[in-house]
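Accompanying notes for the structure given below.
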Amino acid sequence: GNSQIPPSLSFEQSLWTFIGAFLGLLMLSAMNEYALKFSDGKYHLLSGPFGALMTLQYGLVAAPASQPRNEVLGQVIAGAISLVFTYIPDS
């Protein structure tokens, strides 16, 4: 097609991307610790796709994959897959 490589981020944009992703994951990690504490270790909030979500959200704001509808759908699908594998009985 007619796709072009997007311009690279400036140092300032890269720094803000790092700060936003770091603080976002730090808050999610703190919420995860509280969930673990109050549920006696039964419930976790963190999953693998959160890192990719933060990268898309803060670094590639104009990309189609980082639009809210795609992010929510991606998290729902990842959560559903996690639940399926969590509740598959041991063979």
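The values are calculated or read from the model by the stated rules, or taken from the named source; none is laboratory data. Bear in mind that the values here come from a model prediction, so they are computed numbers and not experimental data. Please note: Cβ atoms are built from the backbone with ideal geometry, for glycine as well, and neighbour counts cover all protein chains shown. Only protein heavy atoms, including side chains, enter the accessible area calculation; ligands, DNA and RNA are left aside. Shrake-Rupley method; radii C 1.70, N 1.55, O 1.52, S 1.80 Å.
The table for this structure:
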| read-out | value |
| --- | --- |
| Residue check, residue 24 open to solvent by less than 50 Å² (accessible area, probe 1.4 Å) and not in a helix (DSSP H, G or I) | no |
| Pair list, Cβ < 6 Å and 6+ apart or interchain, from segment 9-32 residues that are under 21 Å from residue 63 (Cα atoms) and at pLDDT below 85 to residues that are assigned to a helix (DSSP H, G or I) and open to solvent by 80 Å² or more (accessible area, probe 1.4 Å) | 17/58; 20/58; 21/58 |
| Pair list, Cβ < 8 Å and 6+ apart or interchain, from segment 57-72 residues that are surrounded by 12 or more Cβ atoms within 10 Å (Cβ to Cβ) to residues that are at pLDDT 75 or above and part of a loop (DSSP other than H, G, I, E, B) | 59/9 |
| Residue within segment 34-42 that is in a helix (DSSP H, G or I), among the polar types (S, T, N, Q) and open to solvent by less than 100 Å² (accessible area, probe 1.4 Å) present | no |
| Residue list for segment 1-21, restricted to those being within 20 Å of the chain's Cα centre (by Cα), surrounded by fewer than 12 Cβ atoms within 10 Å (Cβ to Cβ) and either among the aromatic types (Phe, Trp, Tyr) or more than 18 Å from residue 53 (Cβ to Cβ) (or both) | 15 |
| Residues within segment 65-91 that are at pLDDT below 75 and assigned to a helix (DSSP H, G or I), tallied | 2 |
